[in-house]
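Chemist: Please find one structure pasted underneath; my questions will follow.
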Amino acid sequence: PACPVFTLDLSSGEMSPLGRGVPALISSPALMAALLSFTVAQVSKVFTHWYSTGKLDWGRIVGSGGMPSSHTALVVGLTTAIGLKESLDSSMFALCLVFSLVVMYDATGVRLHAGRQAEVLNQLILELPPQHPVSDTRPLRDSLGHTPIQVGVGALVGLVIGYVHYNLWITQWGP
């Protein structure tokens, strides 16, 4: 069958999902579960940072890295809601699961090690003499990736919020 996003049957008087704009987007339980998971994870970074350092840093709401992984929460929240809506044997769930695994692998692999390299480079720059051409260089961002525990907690956040949100959605508005 044709993709419903690009189909518009003028004879029926119904608008395609694309034509409904924002209402079509917010009526997606999977998208809302993903965004809610991301938001909860980002806001919780303020408090996990405060717990571990004693400093309340509201900038953590928009920062990357830290506990928990909000990117992992986002993709696992999406995957959970898709799995519940479409079933665990659907192609859409398989696609979301593979996407989630790639995001989690990247967070603990490439991004984590890039952050660690940034820490070393920042330290080297601090030790340069003041007259060196790069001594006044702005420090590199070093909180890029996540430890496996941070990714695991992000996955747990996404799983729980995706499950709870989807089930609340179904009881309120149906499938």
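Chemist: Could you go through the range 27-32 in sequence order and give the Karplus-derived ³J(HN,Hα) for each residue, using 6.51 cos²θ - 1.76 cosθ + 1.60 with θ = phi - 60°, rounded to whole Hz, and x for Gly and Pro?
Modeler: For the range 27-32, the Karplus-derived couplings read 8, 8, x, 5, 5, 5 Hz, x marking Gly and Pro.
Chemist: With a 1.4 Å probe and all protein chains kept in place, how much accessible area does ARG116 have, in Å² rounded to the nearest 10?
Modeler: 120 Å²
Chemist: What are the ³J(HN,Hα) values, in whole Hz, obtained from phi via the Karplus relation 6.51 cos²θ - 1.76 cosθ + 1.60 with θ = phi - 60°, for each residue of the range 56-70 in sequence order, with x given for Gly and Pro?
Modeler: 8, 10, 5, x, 5, 4, 10, x, 9, x, x, 9, x, 6, 6
Chemist: Considering only protein heavy atoms, what per residue accessible area in square angstrom results for the range 29-129 with a 1.4 angstrom probe? Provide the component values of the computation, followed by the final result.
Modeler: Values: 5650 Å² over 101 residues.
Computed with neighbouring chains in place, this is 56 Å² per residue.
The values are calculated or read from the model by the stated rules, or taken from the named source; none is laboratory data. As the structure is a prediction and not an experimental result, all values here were calculated from the model. These accessible areas exclude ligands, DNA and RNA; they are computed on the full protein's heavy atoms, side chains included. Shrake-Rupley method; radii C 1.70, N 1.55, O 1.52, S 1.80 Å.
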